[in-house]
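The values are calculated or read from the model by the stated rules, or taken from the named source; none is laboratory data. Given the structure is predicted, the values throughout are model-derived calculations rather than measurements. A quick note on method: Cβ atoms are made from the backbone with ideal geometry, for glycine too, and the neighbour counts reach across all protein chains shown.
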């Protein structure tokens, strides 16, 4: 079956004042929908690939025909990344992680504040369009990384746990060129319970 854009898990205005309703609406209903639509178009002649979860497709790009691989990377990645992004945010969230995830962050980065600083610098330093990530690597360790455009950590055998979109369309209506302000505001939206669930699943 073709991939579908999941509905937002909250109202357009639910992330205000940190992210405005108009940005969320355009980002989800235009940008995200376009990625999903174009991914489906790229895979029209390959139903056996489209039948797989998009995560599996992005993990095994070597099995995608070379002539459509760039489209699958760009649009399949965009489809997956945005669905992931909406689900690790929420209204009235923010704060700090708890439990095993918090313990692993402290063990890996020294403290939550040190992790937050390193992650924010990674997001700010991502040249042009892309994403910053917290992932669990194939070595079982936590890693901070950034990816250009819609390249996915899944394609490098990493399991995403947390991400921020630093494409300009993610924040430009409210923050214009002030990416640092968007990153600072975004921490107030992180749904640490959702991230903790992803972390627990990655460890199983």
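Sort through 177, 188 and tell me the only one that's closer than 27 Å to residue 99 by Cβ, part of a loop (DSSP other than H, G, I, E, B), modelled with pLDDT of 95 or more and out of contact with any strand residue (DSSP E or B) (no Cβ under 6 Å at 6 or more places or on another chain).
The match here is 188.
Can you find, within segment 69-100, the residue that is nearest to residue 155 (Cα to Cα) among those that are in a helix (DSSP H, G or I) and in contact with a strand residue (DSSP E or B) (Cβ under 8 Å, 6 or more places away or on another chain)?
Applying the first criterion (in a helix (DSSP H, G or I)) to segment 69-100 yields 69-87, 99-100.
Okay, now just the ones that are also in contact with a strand residue (DSSP E or B) (Cβ under 8 Å, 6 or more places away or on another chain), so 81-82, 84-85.
Working: 81: 12, 82: 16, 84: 15, 85: 17 Å.
Result: 81.
Residue check: is residue 103 surrounded by fewer than 19 Cβ atoms within 10 Å (Cβ to Cβ) and under 22 Å from residue 70 (Cα atoms)? If you could, list the steps in order and put the result at the bottom.
Details: surrounded by fewer than 19 Cβ atoms within 10 Å (Cβ to Cβ): yes; under 22 Å from residue 70 (Cα atoms): no.
Spelling it out, it is not the case that residue 103 is surrounded by fewer than 19 Cβ atoms within 10 Å (Cβ to Cβ) and under 22 Å from residue 70 (Cα atoms).
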(1) more than 30 Å from residue 111 (Cβ to Cβ); (2) surrounded by fewer than 17 Cβ atoms within 10 Å (Cβ to Cβ); (3) without any contact (Cβ under 8 Å) to a residue 24 or more places away in the chain all hold for residue 71 apart from (3)
